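Beneath this line is the structure, given in structure tokens, with notes to follow.
The values are calculated or read from the model by the stated rules, or taken from the named source; none is laboratory data. Because the structure is predicted, anything quoted here is derived from the model rather than measured. Virtual Cβ from ideal backbone geometry, glycine too; neighbours counted across all protein chains shown. These area figures cover heavy atoms from the full protein model, side chains too; ligands, DNA and RNA do not enter into them. Shrake-Rupley method; radii C 1.70, N 1.55, O 1.52, S 1.80 Å.
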Amino acid sequence: MAASQAMPLRGVSPSGAFRSLECRPCRLKGVYTPASTPYESRGRMVVMVDRDRTAENSPLVGSSMDTVDDKQVVDITGRLPERDFAGTPYVPVYVMLPLGVVNMKCELVDPDGLLKQLRLLKSINVDGVMVDCWWGIVEAHAPQEYNWSGYKRLFQIVRELKLKLQVVMSFHECGGNVGDDVCIPLPHWVAEIGRTNPDMFFTDKEGRRNPECLTWGIDKERILRGRTAVEVYFDYMRSFRVEFDEFFEDGVISEIEIGLGPCGELRYPSYPVKHGWRYPGIGEFQCYDQYLMKSLRRAAEARGHSFWARGPDNAGNYNSRPHETGFFCDGGDYDGYYGRFFLGWYSQVLVDHADRVLSLSKLAFEGTRIAAKVSGIHWWYKTASHAAELTAGFYNPCNRDGYSSIAAMLKKHDAALNFTCVELRTLDQHEDFPEALADPEGLVWQVLNAAWDVSIPVASENALPCHDRDGYNKILENAKPFNDPDGRHLSAFTYLRLSPVLMERRNFLEFERFVKRMHGEAVLDLQT
């Protein structure tokens with residue numbers, strides 16, 4: 001159903017705030033939605049009531065009221081009570097370290113300043129920190145020549161403070177994306193190969209290359225000085241495991257997150273800022289390198305339709321809207337025979353890549369939890385096609401669950417799912433970008449339930465910097481669903497990110513309050 005045809009309903013959202021919802025019969029994915037909670041809301045709350053039913057003794061009488069279409073509009077200001085999380089399950093809280101905490105020479109930057117900040121985090125009972133171990137730093141100059149020195153010094157500091165470590169195997173470049181404040185390219189020797197063989201990078205339909213990470217088309221191609229991409233990743237992980245054996249043995253390293261794509265996320269680089277993408281553009285398919293096109297040809301021939309060995313020619317560009325394209329519009333080609341074939345192949349390539357890399361990750365890190373990060377592509381979620389998710393590789397239109405196959409693959413490897421955007425509110429998105437038809441809350445619940453349905457751990461992190469109570473309350477609400485009959489909750493939360501702004505007194509006190517509530521402790525200043 002087109003967005004313009006959606007039926008507006010008035011109801012109570014999971015956060016307890018009244019808001020306008022869209023009812024589309026096609027979105028019936030069996031997602032558990034928590035009961036409404038006594039929860040904090042911001043701004044004004046508007047309720048429509050029948051004018052002739054407003055009795056003199058109504059509790060709404062006396063509030064500010066207007067009349068619209070013979071209905072009374074009741075303006076209720078103030079805040080709803082906050083939920084008390086005292087006695088709820090303990091959810092560990094980690095803090096991401098700055099992207100450039102280790103420099104390109106693999107030296108720890110400002111160890112004294114970092115030590116001071118980590119002591120403050122320890123003082124409020126933060127459980128640990130997350131750090132990226134950059135491929136472009138560690139294996140920078142020659143194949144299988146690894147330099148872990150800066151990370152070893154960092155890990156020693158963390159251990160001395162009795163903090164835990166989440167470590168990310170970062171096989172992507174840093175720089176050029178939202179929030180990137182340093183530039184860490186892929187290894188020099190990899191870039192040299194790319195100059196003579198640019199098809200090793202993801203490519204859009206105009207032939208523009210993205211050197212942010214390697215195309216999954218070379219996972220099994222021996223073009224990296226005699227090794228496949230998957231072998232390169234495995235050798236790197238095995239070197240890390242051997243180098244930091246003592247930190248595994250004494251339990252300092254609690255989890256290894258495996259980088260599976262751009263920004264370390266399992267997705268195609270479908271919305272690169274460097275190619276002109278701006279929110280809320282739908283992005284573009286990234287399958288035009290020779291290796292993925294060869295895979296597409298094989299899939300089309302196996303289906304008996306060799307002429308399907310092509311990408312869509314009517315899918316718009318990076319900044320198109322779904323309704324502007326023949327492929328993503330309501331009733332568009334995405335739901336035709338060719339469209340379903342192409343999207344099935346495109347999304348399966350993503351799942352197969354994760355399957356291959358996680359198989360070797362499990363081998364390298366036997367006995368330690370591994371995790372994969374899935375990005376929260378919440379814009380255009382309230383359209384039929386979910387165009388931005390499709391270009392990123394998540395085959396999740398309104399009549400199909402695109403995340404269950406990812407969850408099943410993670411289950412196969414006993415891997416946790418780390419999901420983003422848990423702090424975002426749909427209502428705020430509608431206020432700021434109404435044209436994007438975004439629904440981060442609906443997306444979060446769909447993905448969390450896909451993981452919980454197969455009984456894998458679910459962790460999360462915020463997508464954007466968060467320092468306010470509204471954002472923290474939204475995270476808490478997702479971390480510990482209200483009245484969930486199965487008592488499900490997040491296995492951990494990682495805060496993005498350690499910065500001077502977080503350490504400002506007011507922000508740090510608010511963060512301390514949040515940590516206590518994630519740990520199930522009582523706080524004294526609940527707004528009731």
Worksheet item: Taking interchain pairs and intrachain pairs at least six residues apart, which have beta carbon atoms under 8 angstrom, with the first residue in segment 110-122 and in contact (Cβ under 8 Å) with a residue 24 or more places away in the chain and closer than 22 Å to residue 93 by Cβ and the second in a helix (DSSP H, G or I) and hydrophobic (A, V, I, L, M, F, W, C)?
Response: 114/154; 114/157; 115/157; 117/503; 118/157; 118/158; 120/503; 120/508
Worksheet item: When segment 363-375 is examined, which residues are found to be closer than 14 Å to residue 420 by Cα and open to solvent by less than 10 Å² (accessible area, probe 1.4 Å)?
Response: 371, 372, 374, 375
Worksheet item: Under the condition of being charged (D, E, K, R) and without any contact (Cβ under 8 Å) to a residue 24 or more places away in the chain, which residue from segment 334-366 is nearest to residue 415 (Cα to Cα)?
Response: 366
Response to the item:
Result of the Cβ filter at 8 Å on segment 130-147, keeping first residues that are closer than 15 Å to residue 231 by Cα and partners that are hydrophobic (A, V, I, L, M, F, W, C) and in a loop (DSSP other than H, G, I, E, B), at least 6 apart or interchain, is 135/171; 135/186
Item to complete: Report the residue count in segment 438-464 for those that are buried (at least 22 other Cβ atoms within 10 Å of the Cβ) and more than 18 Å from residue 372 (Cα to Cα).
Response: 4
Practice prompt. Would you mention how many residues in segment 488-528 are closer than 18 Å to residue 88 by Cα and under 20 Å from the mean Cα position of the chain (by Cα)?
Written response: 7
Worksheet item: Taking segment 383-413, which residues are crowded, with 22+ Cβ neighbours inside 10 Å and charged (D, E, K, R)?
Response: 389
Worksheet, complete the sentence: Of the conditions (1) within 29 Å of residue 337 (Cα to Cα); (2) open to solvent by 40 Å² or more (accessible area, probe 1.4 Å), the single one that residue 295 does not satisfy is (2)
Worksheet item: With (1) more than 30 Å from residue 274 (Cα to Cα); (2) in a helix (DSSP H, G or I); (3) charged (D, E, K, R); (4) in contact with a Lys or Arg (Cβ under 9 Å, 6 or more places away or on another chain) as the list, and residue 411 as the residue in question, which single condition is left unmet?
Response: (4)
Fill in: Matching residues in segment 469-524 - criterion: being basic (Lys, Arg), open to solvent by 30 Å² or more (accessible area, probe 1.4 Å) and either assigned to a loop (DSSP other than H, G, I, E, B) or in contact with a helix residue (DSSP H, G or I) (Cβ under 7 Å, 6 or more places away or on another chain) (or both)
469, 488, 497
Worksheet entry | Conditions (1) crowded, with 24+ Cβ neighbours inside 10 Å; (2) closer than 30 Å to residue 470 by Cα; (3) in contact with an Asp or Glu (Cβ under 9 Å, 6 or more places away or on another chain); (4) among the small types (Gly, Ala, Ser); number of the one not met by residue 416 | (1)
Fill in: Options 288, 279; residue that is of a type outside the set (A, V, I, L, M) and crowded, with 19+ Cβ neighbours inside 10 Å
288
Discussion item. Anything in segment 421-437 that is out of contact with any Pro (no Cβ under 7 Å at 6 or more places or on another chain) and open to solvent by less than 10 Å² (accessible area, probe 1.4 Å)? List them, or say none.
Written reply: 422
Discussion item. Quick check on segment 350-359. Is at least one of its residues more than 20 Å from residue 296 (Cα to Cα), surrounded by fewer than 23 Cβ atoms within 10 Å (Cβ to Cβ) and of a type in the set (Asp, Glu)?
Written reply: no
Discussion item. Within segment 187-236, take every residue that is of a type in the set (Asp, Glu) and farther than 20 Å from residue 287 by Cα and give me the one that is least open to solvent (accessible area, probe 1.4 Å).
Written reply: 235
Worksheet item: Any residue in segment 157-173 that is of a type in the set (S, T, N, Q) and open to solvent by 60 Å² or more (accessible area, probe 1.4 Å)?
Response: no
Worksheet, complete the sentence: Only unsatisfied item for residue 455, checking (1) on the phi < 0 side of the Ramachandran plot; (2) not in a helix (DSSP H, G or I), is (1)
Worksheet item: Residue check: is residue 432 over 30 Å from residue 413 (Cβ atoms) and free of Cβ contacts under 8 Å to residues at least 12 places away in the same chain?
Response: yes
Worksheet item: Is one or more of the residues making up segment 265-276 out of contact with any helix residue (DSSP H, G or I) (no Cβ under 9 Å at 6 or more places or on another chain), assigned to a loop (DSSP other than H, G, I, E, B) and in contact (Cβ under 8 Å) with a residue 40 or more places away in the chain?
Response: yes
Worksheet item: Which of the following residues is at pLDDT below 95, outside any strand (DSSP E or B) and within 20 Å of residue 272 (Cβ to Cβ): 194, 217, 207, 179?
Response: 179
